[in-house]
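Nothing in this text is a laboratory measurement; each read-out follows from the coordinates by a stated rule. Because the structure is predicted, anything quoted here is derived from the model rather than measured. Virtual Cβ from ideal backbone geometry, glycine too; neighbours counted across all protein chains shown.
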Amino acid sequence: PRNAAGVSEGCGLGEGPARTARLVVVGEEPGPQEVRAGRPFLDEAPSGRELTTGLGVAGRAQSFVTNVRKCHGLREESAAERDASIEHCVAAYLQPELSACLEARHVVAVGADALRVLSGQPLSIIKCHGSVWRRGEWDE
């Protein structure tokens with residue numbers, strides 16, 4: 001089976017109307033609950049509740065929601081292993097998902113890994129919190 005972005009289903013792939021979504025939310029990685037359900041940002045998990053509260057049910061239903069990493073790291077891993085996992089997930093899943101979001105006007109990075117992947121820069125999530133940029137305006 002494939003999700004709305006046309007990507008094969010797997011652990012926590014994106015969810016929502018990819019082709020018509022005006023907003024894309026990219027988190028870091030699914031938690032254990034999301035992995036079990038195969039869905040990102042579940043309302044039963046703290047991050048999912050916060051997202052739905054912030055967007056409202058209607059806004060959430062009209063948004064495409066995904067994560068940089070598609071499976072939760074269930075064991076300790078080195079920085080190199082984590083970076084390799086992120087690189088694989090971005091190339092295999094996230095880039096096709098984002099390419100399918102044809103009408104997206106805004107992309108929100110939720111977490112440091114999401115910010116780094118979306119910007120291509122080692123930006124500080126603390127310094128960037130609440131900031132808005134147009135594509136290519138990544139200088140701190």
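Structure notes:
- Candidates Ala92, Ala80, Ala45: whichever shows maximal mean-square fluctuation once the chain is modelled as a Gaussian network with Cα springs under 10 Å: Ala80
- GNM top mover of Leu94, Leu118, Leu13 - the chain, alpha-carbon springs below 10 Å: Leu118
- Positive-end extreme of charge dipole, the chain - chosen from Leu98, Leu42, Ala21 (charges on Cβ): Ala21
- Charge dipole magnitude, Cβ of K and R +1, D and E -1 - the chain, Cα centre, debye nearest 20: 460 debye
- Cβ-based charge dipole, the chain, positive-most Cα from Ala109, Ser131, Val57: Val57
- For Val25, the residues whose amide H sits under 5 Å from its own are Phe64, Val65, Thr66, Val108, ignoring neighbours fewer than 5 places away on the same chain, with H placed 1.01 Å from N.
- With the Kirkwood sum run over all distinct C-alpha pairs, the chain has a hydrodynamic radius of 15.2 Å.
- The mean sequence separation of alpha-carbon pairs under 8 Å and at least six residues apart, normalised by the residue count of the chain, gives a relative contact order of 31 percent.
- Helix-only mean residue ellipticity at 222 nm for the chain, each DSSP H run of n ≥ 4 adding -39500 (n - 2.57), per residue, nearest 500: -10000 deg cm²/dmol
- Max mean-square fluctuation residue, GNM over the chain, Cα-Cα springs under 10 Å, options His72, His129, His106: His129
- For segment 46-140, the list of chymotrypsin sites (Phe, Trp or Tyr not before Pro) that fall in a loop by DSSP and count at most 16 other C-beta atoms within 10 angstrom reads Trp133, Trp138.
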